[in-house]
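Reviewing the structure listed below.
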Amino acid sequence: MIFDPITICNLNLQNRFVRSATHEFMAKKDGTPTSRLGDLYEELAKNEVGLIITGYSYVLPGGQSDIYQQGIYDDRFVEPYLKITERVHRYSSKIVLQIVHGGRQATFSDEFPVPIAPSSIKDGHSAAIPREMTDAEILEVIEAFTKAAVRAKKAGFDGVQLHCAHGFLLSNFISSYTNRRTDRWGAQWKTGQG
Ligand SMILES: Cc1cc2nc3c(=O)[nH]c(=O)nc-3n(C[C@H](O)[C@H](O)[C@H](O)COP(=O)(O)O)c2cc1C
C-alpha cells in the first residue's frame, strides 16, 4: 500500500513516502536557499520520495528561529527556489514549502530584541517573555503568510504547509494556554463567546 499512488486534493503522489519537514541548516545567513539544498531535495526525488516537505521557512525577517534557516520573506527568494523545484520536478516527486513564524521562539537580535506572541506568556523552551502583538502586527503576519504562499507558487512548489506546531507563532494562537486574548484573535472557541 505504501507504494500505491494517492491523490490529496489536487496533489497526485506517486506513492505514500513523505519526507517530513526537517530544518537542513543549508540556507545562507539571510535565508537564501542554496544549491546544496537543491542537491538534497533532488536526491530525495531521485529515490522516489512521493512528497518532500522542506524545512521550515520564515515569512518575515523577525520570524527566524535558527541559523541557516531558509526564508521566503522577500521576492528575491523566488528565483533560487525555482531552480530547486525544477530539479525535483525532473522526477515524479512533489515538493511543498513549509512556512513559519518563530513567534516567541524567534532569534533575538538588535533589530528584533523582543519576540512576539498572541499573549505575553513565557516560553518554556527559551525562557523568553514575549510582547503581546497588536492588531496591526497580527494583520501584518497574516499578510506575510499570504505573500509567502504566493511566492511559493511562483517558485514552482506544489503547495505550502503551515507550521502550526512546536511552540512557534501559529501554534501559540491555537492554544488557549498561550492565547489569552479577549479580542477577535482570542480563544473564544473555548469560552463559547465567538
Ligand atoms: C533536525 C530536525 C529538524 C526538524 N525540522 C523540522 C521543521 O523544520 N519543521 C517541522 O515541522 N518539523 C521539523 N522536525 C520534526 C520532524 O519533521 C518530525 O516530525 C520528527 O522528527 C518526528 O518524526 P520521526 O519520529 O520520524 O523522527 C525536525 C526534526 C529534526 C530531528
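Throughout, read-outs are computed from the coordinates displayed, never taken from laboratory work. Because the structure is predicted, anything quoted here is derived from the model rather than measured. Every residue, glycine among them, receives a Cβ derived from its backbone with ideal geometry; neighbour counts consider all protein chains shown.
For the stretch 118-136, check the following and say yes or no: at least one residue is touching a Phe, Trp or Tyr at 6+ places or on another chain (Cβ under 9 Å) and at positive phi.
Scanning the stretch 118-136 turns up no residue that is touching a Phe, Trp or Tyr at 6+ places or on another chain (Cβ under 9 Å) and at positive phi.
Residue-wise test of (1) out of contact with any His (no Cβ under 6 Å at 6 or more places or on another chain); (2) under 18 Å from Ala152 (Cα atoms); (3) not aliphatic (A, V, I, L, M).
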position: Asp30; (1), (2), (3): yes, yes, yes
position: Pro33; (1), (2), (3): yes, yes, yes
position: Val59; (1), (2), (3): no, yes, no
position: Gly63; (1), (2), (3): no, yes, yes
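Out of curiosity, is Val49 out of contact with any Gly (no Cβ under 6 Å at 6 or more places or on another chain) and touching a residue at least 60 places away in the same chain (Cβ under 8 Å)?
No: the conditions fail for Val49.
Among the numbered criteria (1) surrounded by fewer than 19 Cβ atoms within 10 Å (Cβ to Cβ); (2) closer than 13 Å to Leu169 by Cβ; (3) within 16 Å of the ligand (Cβ to nearest atom), which one does Asp123 miss?
Going through (1) surrounded by fewer than 19 Cβ atoms within 10 Å (Cβ to Cβ); (2) closer than 13 Å to Leu169 by Cβ; (3) within 16 Å of the ligand (Cβ to nearest atom) one by one, Asp123 breaks only (3).
Contact list please: Cβ distance under 7 Å, first residue in the stretch 153-166 and over 15 Å from Tyr73 (Cα atoms), second residue acidic (Asp, Glu) and away from the ligand (no atom under 16 Å from the Cβ), pairs at least six apart or on different chains.
Here the result reads Gly156/Glu86, each pair linking the stretch 153-166 to a residue that is acidic (Asp, Glu) and away from the ligand (no atom under 16 Å from the Cβ).
At least 1 residues that are within 16 Å of the ligand (Cβ to nearest atom) in each: list the strands (runs of 3 or more DSSP E) lying fully within the stretch 1-119 that qualify. Walk me through it before giving the result.
Working: elements: 6-8, 11-13, 51-53, 94-100.
Correct list: 51-53, 94-100.
Please go through (1) touching a residue at least 60 places away in the same chain (Cβ under 8 Å); (2) surrounded by fewer than 18 Cβ atoms within 10 Å (Cβ to Cβ); (3) more than 18 Å from the chain's Cα centre (by Cα) for Asn179 and return the number of the only condition it doesn't satisfy.
Looking at each condition in turn, Asn179 falls short on (2).
Mind listing whichever residues of the stretch 64-78 are small (Gly, Ala, Ser) and more than 10 Å from the chain's Cα centre (by Cα)?
Ser65
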